[in-house]
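Let me begin by presenting the structure, written as structure tokens, before commenting on it.
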Amino acid sequence: MTAALATPDFDALYRAESRRVLATLIRLLGDFEQAEEALHDAFRAAMEQWPADGVPENPRAWLVSTGRFKAIDKLRRGERFEALDDDAAGRIAAPDAPETEDIEDDRLRLIFTCCHPALNADAQVALTLREVCGLTTEEIARAFLTAVPTIAQRIVRAKAKIRDAKIPYQVPSPEELPERLDSVLRVIYLVFNEGYSASSGDTLTRADLSGEAIRVARLLAQLLPQPEAQGLLALMLLHESRRSARASASGDLITLEEQDRALWDRALIAEGTALIERALASAGAGAGAYALQAAISAVHAEAVTPATTDWAQIVGLYDVLLQREPSPVIELNRAVAVAMRDGPQAGLVLVDALLAQGELRDYRLAHAARADLCRRLGRVADAKAAYERALALTGLAPERRFIERRLAELAA
């Protein structure tokens, strides 16, 4: 134990360590529910003991060990321990069980377990966001535009499927990895997006989530250095490079056009640019969606000022991206790029066509884009109506304040 007996910041410790500890406990206990109970038992024990005894030199290992032994005690008291098969009982009870072995890889193992092909795609994402990244069921529901009970049922059923089908808690073999990669990349990016642009709340970003997504993506890119894994990591690094410029000191949103580019993290830009160059060189004409999105972000990062942005190149990259992965959201992003290249009227025609199709009618950014284009064209009434629609769909406080400022400007 350390000599200092100051009261630990358990909230910060939980945010920093709980998901890693949980992942390792799942490896050791082989069961989601038991691991979650053990996690909470371990933190309760820490809150009781550490203020008096001091913080251990390795808090994470202490929490893992304590949680495991708490689980063993519960199993024995409940007469469940003897009912376990020999392998499970031996893994849980062995005094030399590898509590800290490969602890940094446990979350990667857990991601592949949560993204097992035996689970449907929606369950994969929901379970990973809940168990690996610690999002609440409500946060996941908002991200999916889905009812909270529906998400809760997906998570419960996915855990039951893993238990009943005895889905292994391991990284797939090299032969299996490529076919399992797509769902894992999708999950990691959803986690990053929730951290980079939170779906709701008082702050624009959640650095803990985006930082964790980047950490896991680094592990994945090392494990499987394929172009799309590298492309996703590059995309997230290039987005992350702008974090400090995206909000004012008071937490208000700052658009890309108005950001102070001196605040952009040049080290992250250099790392992301190098990664995407390698990924594109390796993939050639077969570059995937993440690599192409990273290439678009790299064009933004190269522009010293908004006026020097190569919008023609960005539109061209969106054209290729739409061939790889048709999506109304990508079409919306392309429409905005066309507006920057050819003028707001050209972009507005495309945005209106997308809204008329209906898929984006409840997507706040589509209405925000229409509002901005109408504002630039001097169509005040149309801009107001579109901003009001975007405001009604927005749960994030900084976005709401931004839209309210725009409405006030139009009213003036």
**Request:** Could you list all residues from region 229-251 that are farther than 12 Å from Y189 by Cα and part of a helix (DSSP H, G or I)?
**Result:** Q230, L238, E240, R243, S244, A245
**Asked** Checking V315 against (1) closer than 30 Å to E139 by Cα; (2) at pLDDT 95 or above, which single condition isn't satisfied?
**Response** (1)
**Asked** What is the one condition in (1) in contact with a Leu (Cβ under 8 Å, 6 or more places away or on another chain); (2) open to solvent by 30 Å² or more (accessible area, probe 1.4 Å) that Q49 does not satisfy?
**Response** (1)
**Prompt:** Here are L63, L75, L28: which of them is in a helix (DSSP H, G or I), closer than 27 Å to R130 by Cα, modelled with pLDDT under 85 and not small (G, A, S)?
**Reply:** L75
**Asked** Is it the case that A141 is open to solvent by less than 40 Å² (accessible area, probe 1.4 Å) and not aromatic (F, W, Y)?
**Response** yes
**Prompt:** Can A390 be described as within 23 Å of A411 (Cα to Cα) and crowded, with 20+ Cβ neighbours inside 10 Å?
**Reply:** yes
**Prompt:** When region 244-257 is examined, which residues are found to be free of Cβ contacts under 8 Å to residues at least 12 places away in the same chain, farther than 14 Å from S197 by Cβ and either in the same structural domain as N333 (by TED's automatic domain parsing) or surrounded by 11 or more Cβ atoms within 10 Å (Cβ to Cβ) (or both)?
**Reply:** S248
**Prompt:** Could you list, in sequence order, the residues of region 260-273 that are of a type outside the set (V, I, T) and open to solvent by 20 Å² or more (accessible area, probe 1.4 Å)?
**Reply:** D260, R261, A262, L263, D265, R266, A267, L268, A270, E271
**Item:** Flag if V156 is open to solvent by 60 Å² or more (accessible area, probe 1.4 Å), aliphatic (A, V, I, L, M) and closer than 22 Å to A38 by Cβ
**Value:** yes
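Which of the residues spanning region 123-138 are assigned to a helix (DSSP H, G or I) and crowded, with 22+ Cβ neighbours inside 10 Å?
Filtering region 123-138 down to residues assigned to a helix (DSSP H, G or I) leaves 123-131, 137-138.
Once the filter is applied, which keeps residues that are assigned to a helix (DSSP H, G or I) and crowded, with 22+ Cβ neighbours inside 10 Å, region 123-138 yields A123, Q124, V125, A126, L127, T128, L129, R130, E131.
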**Request:** May I ask you to say which residue of I167, I214 is among the β-branched types (V, I, T), under 19 Å from the mean Cα position of the chain (by Cα) and open to solvent by less than 30 Å² (accessible area, probe 1.4 Å)?
**Result:** I214
**Prompt:** If we scan region 308-315, do we find a residue that is free of Cβ contacts under 8 Å to residues at least 12 places away in the same chain and open to solvent by 30 Å² or more (accessible area, probe 1.4 Å)?
**Reply:** yes
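The values are calculated or read from the model by the stated rules, or taken from the named source; none is laboratory data. As the structure is a prediction and not an experimental result, all values here were calculated from the model. Neighbour counts run over all protein chains shown; Cβ positions are idealised from the backbone, glycine included. Note: areas computed on protein heavy atoms with side chains; ligands, DNA, RNA excluded. Shrake-Rupley method; radii C 1.70, N 1.55, O 1.52, S 1.80 Å.
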